[in-house]
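One structure is given below, encoded as C-alpha cells.
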Amino acid sequence: MRMTLETWTAFALASIAVLAIPGPTILLVIGQSLGGGRRNALPLVAGVALGDLTAMTLSLAGLGALLATSATLFTLLKWAGAAYLVWLGVKLWRAPAEAGAAPLTARRAMREAYVVTALNPKSIAFFLAFVPQFIDPTAPFVPQAALLVVTFVCFAGLNAGLYALLAARLSGAVTRPAARRGFNRLGGSILIGAGLATAAMRRA
C-alpha cells in the first residue's frame, strides 16, 4: 500500500506552515546573507537542506526519542547550539565593512548553516513527533519515511532560499562602508538573538 495523495498533501501543507515561522536556522540565513550578500545564499541553502536531512534521519533512527527522555543530552545540545549562534553573531558584528573585505567561503557558509540546523535538539524531537502522524503503520515504513523526508527537505531548502535571496538583495544594494557595517551589525544582532532564544527554550 502506498501513501495516499491526501496524506502527502496534508503533510506538505503542515510542513509549509511550520517552515513559515522563522527559527534559529532562518535567522542564521538572514544574518549571514545580510553580511555576505548573494554569494552566500546557495551554500547556506545547501547547508540548511543537509542539516534538515540529518535531523530528520536521526529523529527517525531514534535520537529524537532519546532527546525527549534525556534532559542532560537535550541541555548539552541546546547550549552548544546557542553558543555557536552567539559566536557567529559576534564574528559577523565585528566583520570588516570595507568593500574589499573577503566574504565567507561557500564551504564555510554551508558548514555553519549545516551545524546550526542539524544539531538543533528541538527540531530533532519535533520531527519524531511530527513525521509519524503521516505514516501508515500497515504499509512499509522506509518508502513512506523517505518520501516525507525528501518533501520536507525540499520545502526547507526553498524557504531558506527565499529568505537568503531577499536578505542578499538588501545587502547588495548598499556598498558604502558605513552602510555595510550597519548590515553586518544587524545580521550579527539577529544571530546573537537567535542564540539567546535557543538558550532560553525548554523541553516540551
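The values are calculated or read from the model by the stated rules, or taken from the named source; none is laboratory data. As the structure is a computational prediction, the values presented were derived from the model and not from experiment. Ideal geometry is used to build each Cβ from the backbone, glycine not excepted, and the neighbour counts take in all protein chains shown.
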Residue within the stretch 64-71 that is within 25 Å of residue 39 (Cβ to Cβ), modelled with pLDDT of 70 or more and not hydrophobic (A, V, I, L, M, F, W, C) present: no
Answer from 77, 147 - the residue that is crowded, with 16+ Cβ neighbours inside 10 Å, modelled with pLDDT of 85 or more and at negative phi: 147
Scope the stretch 178-204; condition surrounded by 16 or more Cβ atoms within 10 Å (Cβ to Cβ), modelled with pLDDT under 70 and closer than 30 Å to residue 69 by Cβ; matching residues: 198, 201
Criterion (closer than 23 Å to residue 21 by Cβ, at pLDDT below 80 and either in contact with a Phe, Trp or Tyr (Cβ under 9 Å, 6 or more places away or on another chain) or among the basic types (Lys, Arg) (or both)) met by exactly one of 134, 127: 127
Residue satisfying all of: in the stretch 1-25; hydroxyl-bearing (Ser, Thr, Tyr) and either exposed (fewer than 14 other Cβ atoms within 10 Å of the Cβ) or within 19 Å of residue 107 (Cα to Cα) (or both); modelled with the highest pLDDT among these: 9
Residues (touching a residue at least 40 places away in the same chain (Cβ under 8 Å) and under 21 Å from the mean Cα position of the chain (by Cα)) located in the stretch 130-153: 130, 131, 145, 147, 148, 149, 151, 152, 153
Filter result for residue 28 (closer than 22 Å to residue 55 by Cα and modelled with pLDDT of 85 or more): no
